[in-house]
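Since the structure comes first, as structure tokens, the remarks are kept for the end.
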Amino acid sequence: MTKVLVIGSKGMLGRDLCVRLRQEFEVVEADIEEVDIRDHAATCKLVSSIKPDEVVNVAAFTDVDGAEIRPSLAYEINAEGAGNVAKAASQIGARCTYIGTDFIFATDKGKNAPYVEDDEPRPMGVYSRSKLAGELNVKRYADRFLIIRTAWLFGLHGKNFIDAILKKARESDLRVVDDQVGCPTFSIDLSEAIARLLRTQDTGTFHCCNAGSCSWCEFARAIVGMAGFDKVEVSPISTEELNRPAPRPAYSVLNTDKLLEKTGFRMPPWEDALGRYLRLREERQR
């Protein structure tokens with residue numbers, strides 16, 4: 001049975017991914033207690049001791065605004081750490097999988113068609129630049145790799161936009177950005193996509209998001225509607241009005257045709273994913 005090492009196994013994606021992968025792989029979990037990927041020697045020691053066939057790195061610094069305040073830490077984890085994992089995987093002949101982001105397509109404001117894997121990245125801000133640097137390090141150091149770009153991730157095991165909207169909806173009406181468009185993605189569906197790619201011997205970059213796209217405001221309206229907050233008003237505001245420290249892409253929709261071509265799998269529409277998330281969330285709270 002193929003052995004898969006998941007680094008970052010206790011995070012939002014990591015927890016769902018390990019559950020899914022155990023259905024068909026031997027899974028070894030590792031998180032910060034087992035290894036700090038900023039430490040090259042320690043990372044190589046762990047990987048060589050486990051000898052996995054696949055190394056999946058889902059450890060990341062994902063606080064977009066926090067990266068502007070702590071740029072060194074963002075680069076240490078997202079870029080240097082990714083390189084360390086790639087080197088460790090290559091030393092034992094394992095394929096290395098790295099989770100990338102739609103944020104690397106930050107500055108093409110005139111874009112009006114979903115990005116394909118070969119489109120030129122134009123990162124803006126510390127977070128997006130650190131994640132692109134991670135991609136480049138994986139390509140540089142891994143003999144075989146998968147770079148899986150995703151977007152607007154939500155799941156049951158961590159803070160996310162949906163929970164924030166539901167909390168605010170209980171207290172007042174909402175004002176949500178309407179000039180950023182992307183692809184909401186459920187961590188359970190992303191885990192399925194990753195599992196299907198790991199079945200293959202493919203290498204390269206893949207976009208993996210739930211189907212469809214929306215603005216944050218449209219997403220928020222769908223959330224409050226499905227959750228039964230019918231009287232809550234969601235008003236649109238601009239990114240400029242929100243005035244967050246880090247820049248955000250105006251349009252970062254990802255084309256997932258390559259995933260479909262290679263695996264026969266297209267991730268469900270984001271509306272379907274949202275509905276399933278809300279049902280699972282309610283079950284957990286009973």
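FYI, it's all coordinate maths here, none of it is from the lab. Quick caveat: nothing in here was measured; it's all calculated off a predicted structure. Note: ideal-geometry Cβ built from the backbone for every residue, glycine included; neighbour counts use all protein chains shown.
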*Could you check how many percent of all C-alpha pairs in the chain are farther apart than 23 Å?*
53 percent
*Cα lying deepest toward the dipole's positive end in the chain, options L153, P184, I37, charges on Cβ*: I37
*For region 124-197, radius of gyration divided by Kirkwood radius, i.e. Rg to Rh on alpha-carbons*: 1.07
*In debye to the nearest 20, how big a dipole does region 19-68 give about its Cα centre with +1 on each Lys and Arg Cβ and -1 on each Asp and Glu Cβ?*
260 debye
_Cut-off 13 Å between beta-carbons: net charge of the residues surrounding A151, Lys and Arg +1, Asp and Glu -1_ = +1
*Note down the magnitude of the dipole of region 4-108 about its Cα centre, charges +1 on Lys and Arg C-beta and -1 on Asp and Glu C-beta and zero elsewhere, to the nearest 20 debye.*
360 debye
*Using Cα atoms only, what is the angle between the long axis of helix 40-50 and the major principal axis of the chain, expressed in degrees (0 to 90) to the nearest 10?*
70 degrees
*Could you tell me which of F229, V47, I69 has its Cα farthest along the dipole of the chain towards the positive end, charges placed at Cβ (Lys, Arg +1; Asp, Glu -1), taken about the Cα centre?*
V47
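Mind running the shape call on region 55-140? Use the C-alpha gyration tensor, a ≥ b ≥ c as the square roots of the eigenvalues: rounded below 1.5 for a/c, prolate if a/b tops b/c, oblate otherwise. Please report the intermediate quantities before stating the final value.
Working: a/c = 2.66, a/b = 1.36, b/c = 1.96.
Cα axes put region 55-140 in the oblate bin.
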_Highest-fluctuation residue, S213, S238, S130 considered, GNM on the chain with Cα pairs under 10 Å_ = S238
*When ranked by the protection proxy of mean other Cβ atoms within 10 Å per residue, highest first, what sequence do the peptides 75-86, 58-69 form?*
75-86, 58-69
*Of the listed peptides 216-224, 278-286, what is their order by residue-averaged count of other C-beta atoms within 10 Å, with the highest listed first?*
216-224, 278-286
*Sort region 27-74 into rounded, prolate or oblate with this rule: let a ≥ b ≥ c be the square roots of the eigenvalues of the Cα gyration tensor; rounded if a/c is under 1.5, and if a/c is not under 1.5, prolate when a/b is larger than b/c, oblate otherwise.*
prolate
*asked:* Based on alpha-carbon atoms only, what is the radius of gyration of region 1-117 relative to the globular estimate 2.2 N^0.38 Å?
replied: 1.15
*Quick one: give the max-minus-min coordinate of the C-alpha atoms of region 202-275 along each principal axis, largest first, in Å.*
46, 32, 13
*Using every pair of alpha-carbon atoms in region 238-279, split the distances into 5 Å bins beginning at 0 and state the percent of pairs per bin, rounded to integers.*
5, 15, 14, 13, 16, 20, 11, 5, 1
*Evaluate the charge dipole of region 61-213 about its Cα centre and quote only its size in Debye, nearest 20, assuming +1 on the Cβ of each Lys and Arg and -1 on the Cβ of each Asp and Glu.*
320 debye
*As a check on your grasp of the helix formula, calculate [θ] at 222 nm for the chain: sum -39500 (n - 2.57) over DSSP H runs of n ≥ 4, divide by the residue count, round to the nearest 500.*
-12000 deg cm²/dmol
